[in-house]
C-alpha cells in the first residue's frame, strides 16, 4: 500500500473510533482483558502520542500521559492526540524515525498505526454492537504485517519460541498467500483476509466455521499459538 492510502485509512479509522466514544464508555472490550471502552480510548490515544514522538523526536521512551476519566474531556483529548499523530505522519515515509522494528522510518509508523487502529476500531465497534467490515487491501496488508513484523518481534523479545512448523495462510478474497515458519507447510488455512487477520490477533478462534483447514492442524496450531502478536 502507498503512504497516502495508509494516511487516508488511518484518518477514517481514527474518526470512526471517535464516534464510538459517544457510546457507553463502560462497555467491556472482551478481547482486551478487563478493559472498558474508556480504557481502550486511553490506550489508543496514548499510543498515538507515543508514535508521534517517535517520529518528531526520534525516541521511544516517551511517557504516555494518564487519559482523562471524564467522558467529554476524554473525547477531546483523544481528538487532539489523533490530530497530533496525523500531523506527525503527514511527511515523506522515508524520513528517519525511531521504531521498534525495521524499517526505522516514518513509513513504519504510517503502516503500524493504521493496523493498530484497525484492530482496536473493531474492538470498539464489537463492544458496542456490530463491527463494520474491513477494507480488503488493508486487511491483507495486516496479515502480511503479522508475519513480517509482529511475529518476528515476538520471537526476538523472547515472548514466543521460533516456529517449529511452517503454515500457509490463503486469503480467498485477496488471492494472496503467506507462509510462516521453516520448511514446507504442514497445513494450509483458508479464509477471507479479514477473518485471517482477526484470527491472528486473537479476536476469533482458529476453529471459527469461516476458516477452512487442510493438513496437520495440531502441528499448525502450535505455530499459531506463538503467540504471533502482543
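Kindly express, to the nearest 10 degrees and within the range 0 to 90, the angle between helix 71-89's C-alpha long axis and the longest C-alpha principal axis of the chain.
70 degrees
In whole percent, what relative contact order does the chain give with Cα contacts below 8 Å and a gap of six or more residues?
That works out to 18 percent.
Volume per residue, Å³, of the convex hull around the alpha-carbon atoms of segment 1-85?
Hull volume over Cα atoms, normalised by residue count, gives 112 Å³.
Pairing the Cα long axis of helix 37-56 with the longest principal axis of the chain, what angle in degrees results, from 0 to 90 and rounded to the nearest 10?
Between helix and principal axis, roughly 90 degrees.
Could you work out how far the C-alpha centroid of segment 88-122 sits from that of segment 156-230, in angstrom?
24 Å
Of 157, 203, 168, which is the most mobile in a GNM of the chain whose springs link Cα atoms less than 10 angstrom apart?
Maximum among the listed residues: 157.
As a test of understanding, state the convex hull volume per residue of segment 137-224 from its alpha carbons, in Å³.
Value for segment 137-224: 86 Å³ per residue.
Give the relative contact order (percent, whole number) for segment 94-230; include only Cα pairs under 8 Å separated by 6+ residues.
Across segment 94-230, relative contact order equals 22 percent.
How much mean residue ellipticity at 222 nm does the chain get from its helices, if each DSSP H run of length 4 or more adds -39500 (n - 2.57) and you divide by all residues, to the nearest 500 deg cm²/dmol?
Helix contribution divided over all residues of the chain: -15500 deg cm²/dmol.
Hey, with R₀ at 22 Å, roughly what FRET efficiency would residue 64 and residue 96 work out to, going by the Cβ-Cβ distance, to 0.05?
The pair residue 64/residue 96 has a calculated efficiency of 0.45.
Could you give the alpha-carbon Rg of the chain over 2.2 N^0.38 Å, rounded to two decimals?
Cα Rg divided by the expected 2.2 N^0.38 Å: 1.02.
Using Cα-Cα distances under 8 Å and only pairs 6 or more residues apart, what relative contact order does segment 1-77 have, in percent?
About 21 percent, as a whole number.
In square nanometres, what is the average projected area of the Cα convex hull of segment 50-96?
3.4 nm²
Report, to the nearest 10°, how far helix 136-145 tilts away from the longest principal axis of the Cα atoms in the chain, using its own Cα long axis and a range of 0 to 90°.
Value to nearest ten degrees: 80.
Each reported figure results from applying straightforward, stated rules to the coordinates on display, with no laboratory input. Computed from a predicted structure; not experimentally measured. Every residue, glycine among them, receives a Cβ derived from its backbone with ideal geometry; neighbour counts consider all protein chains shown.
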